[in-house]
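I have placed the structure first, in the form of structure tokens, so that the comments after it can refer back to it.
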Amino acid sequence: MRCSFLLAFASLGLLLPGCVNLEPSADPTSFYVLHSGPSDAPQSDETSHVLTLHQVRLPEYLQGSKIAVHEKGFQMRYSDWNRWGEELDLGITRALAEHLNAALPDYQVDTGRRRYLHESTPVLEVEVERFEGSISGEVWVAARYIVIDEDKSEVLAQGHFRYESQWNGEDYQQLVATLSDGLRALASEIATKLPE
């Protein structure tokens, strides 16, 4: 009996390698970055105004690399195969700064990479509240923003931005493009409220 058990076990060991695919397979993960629009907008170090954009703040549920999608009720789904190609707070800050530079030709938007010797530099603070799609096809971007002249302790502009659009619920490239459109709309709203 013991011999037949060992023989069966050895036969199984010979058959298994034929059932297992040991070939390397391609990684199905896709990585996305937010589109920031044309990067050739004319900018100069001699612009009449400088706006300092602090790093955007995100809620905890958006801080991972997996793209979040709202399922139903209070449930979120995080995609294993669709991820952000950069930290999302840095990506939103980068894209928003470039959209603002395009919308504000008289301003230079500074995200901290450059230093300007100006007497007064307004500071833009943005707190993102929502930045996701849903499996049923909605897309939401919501954020609060405030522009402060720190030298004068004066609020120059503030608002609560809301953007809603649609995607097909499956194509993550379309979702990221629609979220990018939401950031462009946020930049446009902020630009209309800044002093000339």
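The values are calculated or read from the model by the stated rules, or taken from the named source; none is laboratory data. Everything numeric in this text was worked out from a predicted model, so none of it was measured. Using ideal geometry, Cβ is built from the backbone for each residue, glycine included, and neighbour counts are taken over all protein chains shown.
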(request) Output the residue which, of all residues in segment 63-76 that are more than 15 Å from the chain's Cα centre (by Cα) and under 10 Å from Glu132 (Cβ atoms), is surrounded by the most Cβ atoms within 10 Å (Cβ to Cβ). (result) His70
(request) Find the residue count for segment 127-182, including only residues that are without any contact (Cβ under 8 Å) to a residue 24 or more places away in the chain, surrounded by 15 or more Cβ atoms within 10 Å (Cβ to Cβ) and among the polar types (S, T, N, Q). (result) 1
(message) Whether any residue in segment 169-184 is over 20 Å from Ala97 (Cα atoms) and touching a helix residue (DSSP H, G or I) at 6+ places or on another chain (Cβ under 7 Å) is what I want to check.
(response) no
(request) Could you tell me whether segment 12-33 includes any residue that is out of contact with any Pro (no Cβ under 6 Å at 6 or more places or on another chain), under 30 Å from Val123 (Cβ atoms) and at pLDDT 95 or above? (result) yes
(message) Every residue in segment 49-99 that is of a type in the set (S, T, N, Q) and touching a Phe, Trp or Tyr at 6+ places or on another chain (Cβ under 8 Å), please.
(response) Ser65, Ser79, Asn82
